[in-house]
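Let me begin by presenting the structure, written as structure tokens, before commenting on it.
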Amino acid sequence: MCGIVGYVGPRPAVPLLLSNLRRLEYRGYDSAGLAVLEDGTIHILKTPGKIQRLAELVEREWPSRLRQGGSCGIAHTRWATHGPPTRENAHPHLDASGRIALVHNGIIDNYADLRRRLVARGHTFASETDTEVLAHWIGELARESDLLAALCQALRDVEGTLGIALVCASDPDRIYVARRGSPVVIGVGDQETFVASDPAAIVAHTKRVIYLDDDDVAVITPTYVDVRTIHNVPVSRAVAELEWDIHAAEKGGYPHFMLKEIHEQPESLRNTIRGRLDPAGGTCKLGGLAMEPREIAQFRRIVLVGCGTSLHAGMVGRMYFEDLADIPAYVEQAAEFRYRNPILTPHDLVVAISQSGETADTIAAVREARLKGAALAGICNVVGSTVARETGRGVYLHAGPEIGVASTKAFSSQVAVLLMMAVKFGRCHRLSSEEGAALVREIERLPELAARVLELNETIARLAERYADYLDAFYIGRGYMYPVALEGALKLKEISYIHAEGYHAAELKHGPIALLDPQTPVVALALDIPGRDKMLGNIQECRARHAPVLALITEGDEVVAGMAQDVIRLPRCHELLAPIPATIALQLFAYHVARVRGCEIDQPRNLAKSVTVE
Ligand code: AGP
């Protein structure tokens, strides 16, 4: 998720832009830049890396009249989506005339078409970004009309999500902003006005804010805010009072990043699947894979490698590929894979799954697979990360930065990407277009499904109170719920420090059942999908040993409800989608148990967000 800030008023813009941008550092980014207006000219500096590096660049490159002079400007931290984190790809971006500078948060879906039309008119581009295309598009329209009208027209032309701020050399005391799907908030100060993609950036200056709605366009000056629709019709937006303090604001009002990221999953899933579903063809469009059907049809085996949560996502993906694409698929813990001298052929596809793209064992697994001539693909969240670069092709999650050490939204997006890949691969084999179309329609349901599970937050929070004092727990599941059992146990372990073990439900009687007693609760994944009936027997086994059972069930399944001590009722969904709602429920459960236990949730003891060492 990129960060946007802007300022227009009597004070020097540069120090305010840098300090406000620093308030957004927690969101994660890989480059930064700013633009200020001075003497009828736009001055821009941008760099890969951190804001500190940008501040040093300002000190080194700009005279004091600029550093202390310009009173109108915008700044940006970029989370790379189109093109790696380079200076050229960093924001702000200029239009062809160099008179308009733009910063953007979001994804322009039809940027390739707009770029082609602009190139046909002689435009050239300095970057690989969709944002630069948008800047040129607005500039082109502004040649025929005033900038506000041009911005409104541009919003009618583009498809996708955007939160933008732009300045124009001929408008020294105003900033133009717009939003569609990516938040933009306007801070109303005393004879000064602020812009930000997140209230955290401006709450230190003012708590009076105007939240733009989707398809709002606004012109802001030090003394007024003029909001329009994309048809350039004035519209009024109330001034609200922020109730957050600065520390809460960085988490969007949530007490922890982990809870914020759990609740982001409808949006992050929407961003993961955006532009990648092809209902008409009954398939999925994953351009980053750069694989022709002919190559896909030749794969004889798929090997998924990863660690931790990513490994669990790979376990779900393995079943997707076998169920939908009839391709034998295997999952390997990356460290095990890299050291066991794996047997691979050019007909094998090794898929490396890594949220950070920097996990040492997963990188080493990729290098080992390449050495042995296997085909490679990566599934990463961080654009330009090592796994993404070393696999050379793959699918980005577009889930936005994941700050909490315990992985949450990355898992659901990884599973969604694997499902889309399996549909695509399946269509190169025996999956028909009708079957593919039906699956695509199910995948479209994912954001709404996630949102419905999040409505259970209070219910799960109350439930967690009853399980917070146990020292041990088992999570059991079968089929698609077995990896979910492992992931749910990992979540509880890593943030509540309760010793939780995930097991295949059928494995209990081969030993672990010896541990069951009234002090050992069992979380049983008994959704109404294949395997449910066998789960009834497993639940009975647990109850016979007086172990408390918390069952995740499909709403309406009162048979299982009657057998368990507690239940979490989940919305009915297709078997292939079930890992996502079930895991979101277990993320909430682990979060609230850890909260009740007073644990440090975002940075659990002994853990790092990315394990970049062996
Ligand atoms: C999961 O909550 C943990 N943070 C950890 O298991 C993590 O999934 C693992 O280290 C892999 O990280 P990656 O996805 O960035 O490679």
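For the range 124-172 and the range 496-535, what is the separation of their C-alpha centers, rounded to whole Å? The distance from the Cα centre of the range 124-172 to that of the range 496-535 comes to 56 Å. Taken about its Cα centre, the range 249-322 carries a charge dipole of about 160 debye when Lys and Arg each add +1 at the Cβ and Asp and Glu each add -1 at the Cβ.
About its Cα centre, the chain has a charge dipole of approximately 900 debye under the convention of +1 per Lys or Arg Cβ and -1 per Asp or Glu Cβ, with nothing else charged.
Would you please classify the overall shape of the range 521-614 from the alpha carbon gyration tensor, given that a ≥ b ≥ c denote the square roots of the eigenvalues, rounded means a/c under 1.5, and beyond that prolate means a/b larger than b/c while oblate covers the rest? Prolate shape, in that a/c is at least 1.5 and a/b is the bigger ratio. If only the Cβ of Lys and Arg carry +1 and only the Cβ of Asp and Glu carry -1, the dipole of the range 120-217 around its Cα centre is close to 140 debye. Against the main long axis of the alpha-carbon atoms of the chain, helix 532-544 sits at an angle near 70°.
Ranking Leu259, Gln333, Val239 by how far each Cα lies toward the positive end of the dipole of the chain (charges on Cβ) leaves Gln333 at the top. Sorting the Cα pairs of the range 19-84 by distance into bins of 5 Å, from 0 upward, gives 4, 17, 28, 24, 16, 8, 4 percent per bin.
Derived value for the chain: Kirkwood hydrodynamic radius 25.5 Å. Basis is the mean of 1/r over every pair of different alpha-carbon atoms.
The Glu56 and Gln565 beta-carbon pair, evaluated with R₀ = 56 Å, returns a calculated FRET efficiency of approximately 0.40. Helix 433-444 axis versus longest C-alpha principal axis of the chain: approximately 70°, rounded to the nearest ten. Geometric descriptor of the range 168-324, per residue, is 195 Å³ (volume of the convex hull of the Cα atoms). For the range 551-595, the C-alpha radius of gyration sits at 1.21 times the compact-globule guess of 2.2 N^0.38 Å, with N the residue count. Scanning residues 5 or more positions from Glu38 or on other chains, those with amide H under 5 Å from its amide H are His43, with H placed 1.01 Å from N in the peptide plane. Per-residue Cβ neighbour counts within 10 Å put Asp557, Asp326 in the sequence Asp326, Asp557, beginning with the fewest. Ordering of 573-584, 443-454 by packing is 573-584, 443-454, highest average first (other Cβ atoms within 10 Å, averaged per residue). Taking label positions 7 Å along the Cα-Cβ direction at both Arg389 and Asp472, the computed distance is 4.6 nm, reported to one decimal. When the P(r) of the range 34-145 is calculated, the portion above 17 Å amounts to 56% of the C-alpha pairs.
Using alpha carbons only, how many angstrom separate the centre of the range 395-451 from the centre of the range 289-307? About 16 Å separates the Cα centre of the range 395-451 from the one of the range 289-307.
Any chance you could list the semi-axes, whole Å, largest first, of the equivalent ellipsoid that the Cα gyration tensor gives for the range 267-407, using √(5λ)?
In descending order, the three semi-axes are 21, 20, 13 Å.
As an exercise, use a Förster radius of 22 Å and the Cβ-Cβ distance of Tyr224 and Asp146 to find the FRET efficiency, rounded to the nearest 0.05. After rounding to 0.05, the efficiency reads 0.85.
Here the range 512-556 is treated as a Stokes sphere of Kirkwood radius computed over C-alpha pairs; at 4 °C and 1.567 mPa s its diffusion coefficient rounds to 121 µm²/s. Put in order of Cβ neighbour count within 10 Å, fewest first, the listed residues Phe411, Phe321 become Phe321, Phe411. If eta is 1.567 mPa s and T is 4 °C, what Stokes-Einstein diffusion coefficient results for the range 347-441, Kirkwood Rh from Cα pairs, in µm²/s? Answer from the Stokes-Einstein relation: 91 µm²/s.
The order of Glu322, Glu241, Glu264, going from fewest to most other C-beta atoms within 10 Å of their C-beta, is Glu241, Glu322, Glu264. Each peptide in 220-227, 289-296 receives the mean, over its residues, of other Cβ atoms within 10 Å, and ordering these scores from highest gives 220-227, 289-296.
For the chain, relative contact order (Cα pairs under 8 Å, six or more residues apart, normalised by length) works out to 11 percent. A cut-off under 15 angstrom between Cβ atoms defines the neighbours of Leu486, and their net charge, with Lys, Arg +1 and Asp, Glu -1, is -1. Spin-label pair Glu455-Asn232: with each label point 7 Å from Cα along the Cα-Cβ axis, the two points sit 4.2 nm from one another. Modelled this way, with points 7 Å down the Cα-to-C-beta line, the labels at His499 and Val596 are 2.1 nm from one another. For Ala438 and Ser19, the FRET efficiency from 1/(1 + (r/R0)^6), where r spans their Cβ atoms and R0 equals 35 Å, is about 0.10.
Bear in mind these aren't lab numbers, they're just calculated from the coordinates by the rules spelled out. Given the structure is predicted, the values throughout are model-derived calculations rather than measurements. Because the Cβ atoms are built from the backbone with ideal geometry, glycine has one as well, and the counts that use them run over all protein chains shown.
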